[in-house]
1. Any chance you could count how many residues in segment B:64-116 are among the β-branched types (Val, Ile, Thr), surrounded by 16 or more Cβ atoms within 10 Å (Cβ to Cβ) and within 13 Å of another protein chain (Cβ to nearest Cβ)?
2. Output yes when any residue across segment A:221-244 is at the interface with another protein chain (Cβ under 10 Å from one of its Cβ atoms) and over 21 Å from the mean Cα position of the chain (by Cα), and no when none is.
3. The conditions are (1) more than 17 Å from the chain's Cα centre (by Cα); (2) within 14 Å of chain B (Cβ to nearest Cβ), and residue A:310 fails exactly one of them. Which is it?
4. For residue B:75, only one of the following conditions fails: (1) within 16 Å of the ligand (Cβ to nearest atom); (2) assigned to a loop (DSSP other than H, G, I, E, B); (3) closer than 14 Å to residue B:101 by Cβ. What is its number?
5. Which number in (1) within 25 Å of residue A:235 (Cβ to Cβ); (2) within 16 Å of the ligand (Cβ to nearest atom) marks the one condition that residue B:46 misses?
6. Among the residues that make up segment A:251-271, is at least one of them surrounded by fewer than 18 Cβ atoms within 10 Å (Cβ to Cβ), within 13 Å of chain B (Cβ to nearest Cβ) and assigned to a helix (DSSP H, G or I)?
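Since every read-out is calculated from the coordinates, none of them should be taken as a lab result. Quantities reported herein were computed from a predicted structural model and do not represent experimental measurements. Because the Cβ atoms are built from the backbone with ideal geometry, glycine has one as well, and the counts that use them run over all protein chains shown.
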Amino acid sequence: MKTHPTLTRTARKVLFIACLGAAASSVQAAEDYSSFLRPAEIPQPDNNRITTARTELGKMLFFDPRLSGSNWISCGTCHNPTLGWSDGLPTAIGHGMGVLGRATPTILNTAYQPLQFWDGRARSLEKQAVGPIQAAGEMNQNMDELVKELSALKGYRDAFEDAYPGEGITEKTIAKALATYERTIVSTESPFDRWVKGETHAMSKQAQQGFEVFLGKGRCVLCHGGFNFTDNGFHNLGLKNDDDPGRYGIRKVKILKGAFKTPTLRDVELTAPYMHNGAYKTLEEVVDHYNRGGDTKDNLDPNMQPLHLSASEKASLVAFMKALTGEPAPVTLPRLPIE
Amino acid sequence: MLKSSQQKLLHAAVITTALLTASAVQAAELVVDQHNKTFVVEGNKVEAITIHVGDTLRFRNDDPFFHNIFSLSDLKTFDLGSFPKGQSKTVTFDKAGMVEVECAIHPEMYMEVTVK
Ligand SMILES: [Cu+2]
């Protein structure tokens, strides 16, 4: 029988404990994986610290369809908390039921990402938040109109004054409130996290084997590293029939043609379909894609190569990704002002 | 920032060579490592360094994944392409001014090179 690395580690651990004569309290594997735990502190800019008033206002705006030109689409229409803060669609649907070119990314853990959007064109959540509101194909709203509409409602006038005293209702304060709410949407504890903390049985044996494949033969960690399982970088994965320039539209460097931002793998089970164009319905299909080393080799990311994974290794990878699903975090919905 | 001792060393290297070489000031070469998705010079993370006209930076990848160092600055536009762990590529800075150097794959890797 092939000795599995996990078993080897367990054996080492048992030996270690035996030598110390320690009690049978469960100790995690010899390796320290604490860098895979989410830092408790949420990154936030000095000029927009997270407060309850700002979070509550941001949540009102996030779920208010009046933020769109049609008064029918809210941020939460596409970033739907019941669908992993995405929409369950291959690519998003925007103003007038128009189908957009890219998938709706989850907003989970965006606080920890330096660049926003699939192509990284926004350097902060504040800059990101007002993009889709005004984009003709998305929410199709005129910002001056929106400021007028919100200013006409006492409920919003009070909420803005509470959140940003003396700053008024402006594009800036709308952006700051939305960004604050988005920052608070962070991943919760998953079986993987409990396993890292030392609960030996929190994650199945199969998922533990999947983690080994993830770190080794599967080469996943080369891009999906760190607690958020992303390098915050840009890669061309060789998807079929895709001529979206991606990051190249922002930075004219050859390697970025067709490159998109590495998404988080936290709660990935909840955000199907997958890839920037929604090409794959299941995680199994995604693993098969990587196992082939991608399809289109033109400008393929150099980290990509055929992996020669066995069926059981592929299944274990999927089990591992599913062990990254956090505890449900119920969202209480705000009551929106009507006057 | 490059520590002043390192700057002095670099300057000293240039000056010493100048004294020894009758013709012109010989350029220095400085190794910039890519380590944990940061730029590292002599073990220290750097976000800005100062060099002299004619100096060369050798970008060396110390990470288990690829990097792709480039600049779109007017003063010195270059794209070193992607290279794996253990490999390095060089750029010589032939004009005075400021150059923004970035990794295309990991835009958090950013450094300002002032050429004097
Ligand atoms: Cu890089």
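1. 3
2. Looking through segment A:221-244, none of the residues is at the interface with another protein chain (Cβ under 10 Å from one of its Cβ atoms) and over 21 Å from the mean Cα position of the chain (by Cα).
3. Result: residue A:310 passes all but (2).
4. Just one mismatch for residue B:75, condition (1).
5. (1)
6. yes
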